[in-house]
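*Asks:* Right, I'll just put the structure down here and ask away after.
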Amino acid sequence: MEIKKIKRSEDYSAWYNNLVKSADLAEHSDVKGCMIIKPYGYAIWEKMQAELDRRFKETGHQNAYFPLFIPKSFFTKEASHVDGFAKECAVVTHYRLKVDPETKEIIVDPDAKLEEELIVRPTSETIIWNTYRSWIQSYRDLPILLNQWANVVRWEMRTRLFLRTTEFLWQEGHTAHATQEEAVAETRQMLEVYADFAENILAVPVIKGVKSANERFAGAIDTYCIEGLMQDGKALQMGTSHFLGQNFAKAFEVKYVTKENKQEYVWATSWGVSTRLMGALIMSHSDDEGLVLPPRLAPIQVVIVPIFRKEEEKIIVMEKATAYFQLLKKQGISVKLDDRDNLTPGYKFADYELKGVPVRIAIGPRDVQNGTVEVARRDTKEKQVMSAADLEHKIPHLLEQIQANIYQRALDYRSEHIHTVDTWEEFMDALENKTGFVSAHWDGTSETEEKIKEMSKATIRCIPLNNPQENGKCILSGEASKERVLFARAY
RNA sequence: CGGGGUGUAGCGUAGCCUGGUAUCGCGCCACAUUUGGGAUGUGGAGGUCGUAGGUUCGAAUCCUGCCACCCCGACCA
């Protein structure tokens with residue numbers, strides 16, 4: 001495979017698209033806006049799923065599965081919800097094809113029109129709350145703590161691999177609670193789960209916050225989010241956790257009887273992260289040589305590349321390489337021994353760099369003689385010769401170091417790209433020339449937020465949690481404000 | 001949906017203006033020599049030129065429609 005080199009600094013989106021394809025993560029399908037996730041990309045997603053799923057179960061959730069199709073009448077019961085999603089719904093209207101007697105072509109059978117159209121789920125609140133009505137009678141039935149791993153469809157106008165595709169994979173948690181306090185606590189808890197996952201597994205620092213009214217989920221009282229900063233200075237919403245109040249309970253008549261024998265509406269939350277996290281991962285760490293994967297997510301953590309010239313060299317090198325392979329494998333490290341003899345070491349080095357493999361171990365006849373190996377790390381591209389006897393204890397440590405270094409690098413980048421401004425001129429200068437998050441005062445109104453968006457293409461990413469209170473004046477209207485919010489141009 | 005661009009072998013491309021059945025590189029297959037940073041040689045396989053029409057003796061090339069993708073907008077938890 002000849003690799004087209006596109007520099008990050010020259011054309012970020014071309015670089016991104018090229019990387020997704022050349023690192024074998026995903027490709028465009030023949031269906032508009034839909035992607036094919038290739039085995040290497042899917043392996044990374046599976047590791048994300050495993051980490052998230054474990055955290056969901058640790059916090060008391062169970063997995064379930066609800067239908068792909070939602071009857072239109074369910075979907076339209078919650079007014080603001082349908083408003084938010086109406087423009088991007090795929091709708092099933094018929095259930096059969098037939099051969100046109102005249103043209104002999106396959107056509108939709110007009111006689112097979114559905115009595116009621118089905119919406120391909122863009123999210124599952126409605127069908128789940130329609131179900132919860134029959135599951136919940138008493139306070140003893142609460143809470144319900146469910147998650148589902150699913151695909152959803154949102155008919156977006158413009159798509160980008162992983163970041164915004166028509167169909168995408170995600171998980172959506174849907175919980176039901178007896179009290180507001182409990183539901184709010186759940187919403188906050190899941191935000192913490194997401195933040196912990198993003199920082200410790202993806203190695204992407206995130207800002208936890210709450211969305212402004214304009215950016216809130218359709219049907220939510222409060223939308224909490226984690227926001228990441230990509231290498232091109234644009235923000236990316238990486239996960240959301242919604243406090244839905246009693247909106248869906250009221251729309252679907254989900255009530256329970258309290259200890260005091262009173263009828264109350266149930267309190268709801270929903271929360272989700274998607275394959276968009278793959279985009280976040282790629283855009284946070286990768287470089288001109290290709291992907292850079294945090295060890296905790298890398299399908300291959302260590303690759304061993306044997307180097308040999310003649311058959312007798314191959315025998316002695318492979319013997320050592322196999323021994324090191326077994327040694328590392330026994331430690332629970334995901335290790336690959338690439339013994340293909342039709343490719344040169346140089347090719348393999350470049351290829352595993354493209355794929356983001358954190359650690360590469362090269363071993364040749366020289367090493368066998370000296371009892372050494374060459375260890376190269378992907379994040380810094382540093383190489384060192386180390387004694388083979390040190391492998392056992394140094395490699396696990398190195399993997400942890402790489403994980404920490406990648407995170408620190410992303411954190412440093414973000415710290416350098418949060419700009420505090422007090423005037424409109426400074427605000428525009430920060431957005432245009434410095435990029436990243438801009439911390440500024442805002443008068444709290446949707447009108448001002450809307451105007452700022454029109455004038456600057458920046459949106460309020462979030463009002464950070466534990467935001468310090470500080471008196472100031474809105475950068476646009478000059479009205480009084482008591483806290484700063486974070487703006488950015490976003491994906 | 002608006003503006004701009006692209007579509008030729010698995011990938012990247014030349015040819016198009018000025019019509020005559022397609023160029024080169026990578027990759028692939030075989031063999032040999034190679035292998036410490038993307039190996040070399042020799043031989044070979046691989047093509048509805050995005051798609052549907054039209055003009056023409058003849059279309060990758062000219063004309064029209066359509067489709068897909070990319071970039072910039074609009075749109076978007």
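The values are calculated or read from the model by the stated rules, or taken from the named source; none is laboratory data. Please read all numbers here as calculations on a predicted model, not as lab measurements. Glycine also receives a Cβ, built like all others from the backbone with ideal geometry; neighbour counts cover every protein chain displayed. What goes into the accessible areas is simple: the full protein's heavy atoms, side chains included, and nothing from ligands, DNA or RNA. Shrake-Rupley method; radii C 1.70, N 1.55, O 1.52, S 1.80 Å.
*Asks:* Can you name the residue in the stretch A:214-234 that is away from RNA strand B (no atom under 11 Å from the Cβ) and surrounded by fewer than 24 Cβ atoms within 10 Å (Cβ to Cβ) and is also nearest to A:TRP271 (Cα to Cα) among such residues?
*Replies:* Across the stretch A:214-234, the extreme among qualifying residues is A:ASP222.
*Asks:* Something else now. Would you check if there is a residue in the stretch A:451-458 being in a helix (DSSP H, G or I) and among the hydrophobic types (A, V, I, L, M, F, W, C)?
*Replies:* Within the stretch A:451-458 (the criterion being in a helix (DSSP H, G or I) and among the hydrophobic types (A, V, I, L, M, F, W, C)), the answer is yes, since at least one residue qualifies.
*Asks:* I'm trying to understand the selection: among the residues of the stretch A:155-181, which are part of a loop (DSSP other than H, G, I, E, B) and either open to solvent by less than 40 Å² (accessible area, probe 1.4 Å) or of a type in the set (Phe, Trp, Tyr) (or both)?
*Replies:* A:TRP155, A:LEU161, A:PHE162, A:LEU163, A:THR165, A:THR166, A:ALA178
*Asks:* Test A:ALA321 against the criterion of being more than 8 Å from RNA strand B (Cβ to nearest atom), buried (at least 20 other Cβ atoms within 10 Å of the Cβ), in a loop (DSSP other than H, G, I, E, B) and not charged (D, E, K, R), and give yes or no.
*Replies:* Spelling it out, it is not the case that A:ALA321 is more than 8 Å from RNA strand B (Cβ to nearest atom), buried (at least 20 other Cβ atoms within 10 Å of the Cβ), in a loop (DSSP other than H, G, I, E, B) and not charged (D, E, K, R).
*Asks:* May I pose another question? Return the pair list, or none, for Cβ contacts closer than 6 Å from residues in the stretch A:191-220 that are of a type in the set (Ser, Thr, Tyr) to residues that are modelled with pLDDT under 95, at least 6 apart or on different chains.
*Replies:* A:SER212/A:GLU449
*Asks:* Condition test on A:ARG414, is it among the basic types (Lys, Arg), touching a residue at least 12 places away in the same chain (Cβ under 8 Å), away from RNA strand B (no atom under 11 Å from the Cβ) and open to solvent by less than 60 Å² (accessible area, probe 1.4 Å)?
*Replies:* Answer is yes for this residue.
*Asks:* Additional query: Only one residue in A:GLU425, A:GLU382 is free of Cβ contacts under 8 Å to residues at least 60 places away in the same chain, more than 9 Å from RNA strand B (Cβ to nearest atom), surrounded by fewer than 16 Cβ atoms within 10 Å (Cβ to Cβ) and within 18 Å of A:HIS285 (Cβ to Cβ), so which one is that?
*Replies:* Going through A:GLU425, A:GLU382 in turn, the sole match is A:GLU382.
*Asks:* Same structure again: What pairs come out if I take residues in the stretch A:263-287 that are aromatic (Phe, Trp, Tyr) and pair them with residues that are part of a strand (DSSP E or B) and open to solvent by less than 10 Å² (accessible area, probe 1.4 Å) whose C-beta lies under 7 Å away, six or more apart or interchain?
*Replies:* Matching pairs, first to second residue: A:TRP267/A:HIS177; A:TRP267/A:GLY245; A:TRP271/A:GLY173; A:TRP271/A:SER241.
*Asks:* Just give me the residues in the stretch A:69-107 being within 14 Å of RNA strand B (Cβ to nearest atom), part of a loop (DSSP other than H, G, I, E, B), open to solvent by less than 70 Å² (accessible area, probe 1.4 Å) and not small (Gly, Ala, Ser), in sequence order.
*Replies:* Once the filter is applied, which keeps residues that are within 14 Å of RNA strand B (Cβ to nearest atom), part of a loop (DSSP other than H, G, I, E, B), open to solvent by less than 70 Å² (accessible area, probe 1.4 Å) and not small (Gly, Ala, Ser), the stretch A:69-107 yields A:GLU78, A:CYS89.
*Asks:* Report yes if A:PRO143 is more than 16 Å from RNA strand B (Cβ to nearest atom) and open to solvent by 70 Å² or more (accessible area, probe 1.4 Å), otherwise no.
*Replies:* no
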